[in-house]
Amino acid sequence: MQEEQKLIEKCQNGDFSAFSGLYDAYLSKIYRFVYYRVSHKETAEDLSSQVFLKALKAIGSADFSEKNFSAWLYKIAYNLLIDHYRGNKKDIDLEKAFNLSSDSDLMLDVDKKQRIETLKKAVNILSPKQRDIVIMRVWDELSYKEISVINGDSEDSCKVSFSRSLNKIKESLPLEYFILIFLLNILKTNF
């Protein structure tokens, strides 16, 4: 964290070459955050580069006393995604998250597809805001503080919304499917 703060201070003092350290530290995280929401490699690459371009342009005037750099960067990505879709939220593509392949055992793929359909139905019972909070918390591994900066709610509100969302999902799914939500975190490395 101290290294990150030094890089930020250098950038804010005009040494923009220090931004490469921040870029290296966050590129894969931001790309994954964006890719999961657009499910298209080239679009994710383009939006991710836009995130860092906007961050580089604004870092000199940004105030990190109230928020951390990570949350600020995710907020930029989140806003670019909103601009990208212009209010048309895209469905979650859980099939990509489970990395179904044509050369694996057919029966396992059929079982996975059935589970994914059930999981999609459960996640889609949530409001878009609840769905975003669950995805940011489970899939993107963001803290409640980072989520609160991104969506503009308080940390406590995000915690309550996450808890209520999980309870809502639990009520609509058998236990084995509820566990799959948390397995997304493990399976995302298969992208």
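Selection of helices (runs of 4 or more DSSP H) fully inside segment 1-92 by the criterion of at least 3 residues being farther than 19 Å from Ile147 by Cα, in contact (Cβ under 8 Å) with a residue 24 or more places away in the chain and of a type outside the set (Val, Ile, Thr) returns 2-12, 19-38, 41-58.
Apart from one condition, Ser48 fits all of (1) at positive phi; (2) modelled with pLDDT of 85 or more; (3) among the hydroxyl-bearing types (Ser, Thr, Tyr); the exception is (1). Restricted to segment 51-76, and to residues that are within 17 Å of the chain's Cα centre (by Cα) and hydrophobic (A, V, I, L, M, F, W, C), which residue is surrounded by the most Cβ atoms within 10 Å (Cβ to Cβ)? Within segment 51-76, the match that is surrounded by the most Cβ atoms within 10 Å (Cβ to Cβ) is Val51. So in segment 142-174, with the set limited to residues that are closer than 12 Å to Lys129 by Cβ and among the charged types (D, E, K, R), which one is surrounded by the fewest Cβ atoms within 10 Å (Cβ to Cβ)? By that ranking, first place goes to Arg164. Annotation: of all residues in segment 4-50 being of a type in the set (A, V, I, L, M) and under 15 Å from the mean Cα position of the chain (by Cα), the one that is nearest to Asp83 (Cα to Cα) is Leu47. Scanning segment 133-146 for residues being part of a helix (DSSP H, G or I) and farther than 17 Å from Ser65 by Cα gives a total of 8.
The values are calculated or read from the model by the stated rules, or taken from the named source; none is laboratory data. Since the model is a prediction, treat every value here as computed from it, not as a measurement. Every residue, glycine among them, receives a Cβ derived from its backbone with ideal geometry; neighbour counts consider all protein chains shown.
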